[in-house]
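First the structure, in the form of structure tokens, and then the observations on it.
Taken together, the values in this text are just the output of simple stated rules run on the coordinates, not laboratory data. Treat the numbers as computed from the prediction; the structure is a model and nothing was measured. Don't worry about glycine lacking a Cβ; one is built from the backbone with ideal geometry, like all the others, and counts go over all protein chains shown.
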Amino acid sequence: MPDYIRARTQGGTYFFTVVTAQRQPILTQPDVLVALRAAIKTTQITHPFTIEAWVVLPDHMHSIWTLPADDAQYSIRWSMIKRYVAKECRHLALTPNASQQKRREIVFWQRRFWEHQIRDQADYQRHIDYVHVNPVKHQWVSQPRDWPYSTFHRLVKSGVYSEDWAENTEFSDDFGE
């Protein structure tokens, strides 16, 4: 297996995808949402980052972060967030296999996450749009405004999007990918 090298640009902006173990549809349960919010706030105290966009779907989430100018350590942040949520919501975890038991893992998340470093303004806008249209893409709602677990509503209030953004728009399966 080839060695994968993650992007490590200090102060970079990154798009992430994080998935539950075996794609369990548990992330939008109230106790998980509470734990996720607390995990983010707790992590930002010691390892700050700016949330550009975020959407939580039942079995995965996408986010875009900008890191401080002197920092490229997003993996530490994800480790802290995932660990906090897994501990708080261990009642939703899967039964660990032998390897996971040996490592004392709580089987809540997939071990890894996917990241993409944002390259320019067009790439940024494409990924911001992708985050917010994702609930439509997965057919959870017909419009981004109808999905409650998203920064779309914050961006409408700040004037980035109109309330009816993406209305009557057909999205192909590869939108943003």
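Points worth noting:
- Comparing Ala93, Gln121, Ile81 along the charge dipole axis of the range 70-146, the residue lying farthest to the positive side is Ala93, per the Cβ-charge model.
- Distance between the pseudo-spin-label points of Asp123 and Arg83 (7 Å out from Cα toward the beta carbon): 3.0 nm.
- Highest average packing first - 36-45, 80-89, Cβ atoms within 10 Å: 80-89, 36-45
- Among (i) 18.0, 57; (ii) 15.0, 45; (iii) 16.6, 51, the entry derived from the coordinates for Rg and Dmax of the Cα atoms in Å: (iii)
- Based on Cα contacts under 8 Å between residues 6+ apart, the range 95-154 shows a relative contact order of 16 percent.
- Centroid-to-centroid separation of the range 101-122 and the range 54-95 [C-alpha atoms, Å]: 8
- Cα gyration tensor shape for the range 1-70, rounded if a/c is under 1.5, else prolate or oblate: oblate
- Principal axes of the range 47-90: Cα extent on each, largest first, Å: 34, 20, 12
- Averaging the sequence gap over all C-alpha pairs within less than 8 Å and six or more residues apart, then dividing by the number of residues, gives the chain a relative contact order of 27 percent.
- Evaluated with a Cβ-only charge set (Lys, Arg +1; Asp, Glu -1), the chain carries a dipole of roughly 1120 debye about its Cα centre, given to the nearest 20.
- The gain in end-to-end length when the Ile76 to Trp140 segment is fully stretched comes to 19.9 nm, 0.36 nm per residue minus the alpha carbon separation.
- The GNM of the chain, with springs linking C-alpha atoms under 10 angstrom apart, assigns the highest mean-square fluctuation among Arg119, Arg90, Arg104 to Arg104.
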